[in-house]
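Right, one structure below, let's go through it.
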Amino acid sequence: MTDGTGGTERLPGRDRRRFPGISSRAYEHPADRSALVALRKLSGFDTVFKALSGLLPERSLRLLFLSDSVRVSDAQFAHLNAMLRDACYILDLEKVPPMYVTQDPKPNAMCIGLDEPIIVVTTGLVELLDEEEMRAVVGHEVGHALSGHAVYRTILLFLTNLALKVAWIPLGNVAIMAIVTALREWFRKSELSADRAGLLVGQDLQASMRGLMKLAGGNHLHEMNVDSFLAQAEEYESGGDLRDSVLKIMNVLPRSHPFTTVRAAELKKWEASRDHQRIMDGHYDKREDDKDTSVRDSFRQSATHYSETVKNSKDPLMGLVRDIAGGAGDLGGKLRDTFTGRGASGSGGQGGSSGGAHGSNGDSGPNGKGDPGSAER
């Protein structure tokens, strides 16, 4: 396998599938996909956003990385350069985006830019991950580039910084933070999409799992276990009561990324799904058909995803939503008992009966085969 550039390659000692002409729609999370399709269909949307380039610090960021970071090439971080070209080859991204390594002990990577995407990885990440784990990360960032995420991520970066500068203006800060909150929700879904792209590039689920585990627990794999790590995600989703559900929402709101255990569990589900298998068999959405994508169909897929998520979720709050949808009686009493602690045992029984009421649907849902998006990250 070569990328046609004539550069030195360090590829895995195994065959991997390439995806000529693949559209980002093939691997995008339903919520991420519907938002992007709608934005792309808005006449002049990209033009308006790019018109903001005079206000956005993109040029400054490019100069900063050029002057104070190391640009990846055949002469510098050659192994990363080979991974980058390889990822672009696998996902058929014609123009290889520039990549920089910047000094920062915190493991991180990002893809930003309005006119053209650039990829930045920190030294902390390079030192933490082995070659196959890093390949998944590079594929993750190339997935962002292919999806066109860089534009919206740059806007979010700018607005987050702006919110800090105008925090002394009450109404101004509220207005900006409302936009930032909405963009962060999309951002988290985009991370789940990019995790899928990383798996398509590396085609090694265990390497993807190891990378996520290292992000959570550092370079101590000998002290960690994949099954136990995934069990944490199960406990996080199903544990606690309604108070814990509210705390989960509050905890995730300021975050740009989903929690690491959740990402690992979602990626594992998607890897076992029919959608992933179809891509690996060569049946996937093509870029040439992007122009014919229906906004209505994308929103319908997103709505179906959220419906299935509520139906199959073990979270107590989602159980309450099912009760409301099912017309459960004495809802006020259940809420009162839950939050006062008087209904601890009873609420568990109600949650169980709710699950039983939906058992026929719940049995087919968790394997992800009927839900193209729930297995994400």
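The values are calculated or read from the model by the stated rules, or taken from the named source; none is laboratory data. Source: prediction; values computed, not measured. Quick reminder, even Gly has a Cβ in these numbers, built from the backbone with ideal geometry, and neighbours come from all protein chains shown.
So, in the range 192-208, how many residues would count as being of a type in the set (D, E, K, R) and surrounded by 22 or more Cβ atoms within 10 Å (Cβ to Cβ)?
To start, the set of residues in the range 192-208 that are of a type in the set (D, E, K, R) comprises 195-196, 204.
Remaining after also requiring surrounded by 22 or more Cβ atoms within 10 Å (Cβ to Cβ): 195-196.
Selection size over the range 192-208: 2.
Whether any residue in the range 86-95 is under 22 Å from the mean Cα position of the chain (by Cα), buried (at least 19 other Cβ atoms within 10 Å of the Cβ), of a type in the set (D, E, K, R) and under 17 Å from Ala197 (Cα atoms) is what I want to check.
Yes, the range 86-95 has at least one match.
Going through the range 259-275 one residue at a time, which ones are more than 17 Å from Ala207 (Cα to Cα) and in a helix (DSSP H, G or I)? If you could, list the steps in order and put the result at the bottom.
To start, the set of residues in the range 259-275 that are more than 17 Å from Ala207 (Cα to Cα) comprises 259, 273-275.
Arg274, Asp275, listed by residue number.
Mind checking which residues of the range 71-124 are in a helix (DSSP H, G or I) and among the basic types (Lys, Arg)? Outline the logic, then answer.
If we filter the range 71-124 for residues that are in a helix (DSSP H, G or I), which is where we start, we get 78-90, 123-124.
If the condition is that a residue be in a helix (DSSP H, G or I) and among the basic types (Lys, Arg), then Arg85 is the only one that fits.
Inside the range 94-112, can you point out the residues that are closer than 23 Å to Ser24 by Cα and not aliphatic (A, V, I, L, M)? Before you say what the answer is, go through the steps one by one.
Taking the range 94-112 first, the residues closer than 23 Å to Ser24 by Cα are 94-99, 108-112.
Across the range 94-112, the qualifying residues are Glu94, Lys95, Pro97, Pro98, Asn108, Cys111.
Can you find, within the range 110-156, the residue that is surrounded by the fewest Cβ atoms within 10 Å (Cβ to Cβ) among those that are at pLDDT 95 or above, more than 15 Å from Ala87 (Cβ to Cβ) and out of contact with any strand residue (DSSP E or B) (no Cβ under 7 Å at 6 or more places or on another chain)?
Among residues in the range 110-156 that are at pLDDT 95 or above, more than 15 Å from Ala87 (Cβ to Cβ) and out of contact with any strand residue (DSSP E or B) (no Cβ under 7 Å at 6 or more places or on another chain), the one surrounded by the fewest Cβ atoms within 10 Å (Cβ to Cβ) is Glu127.
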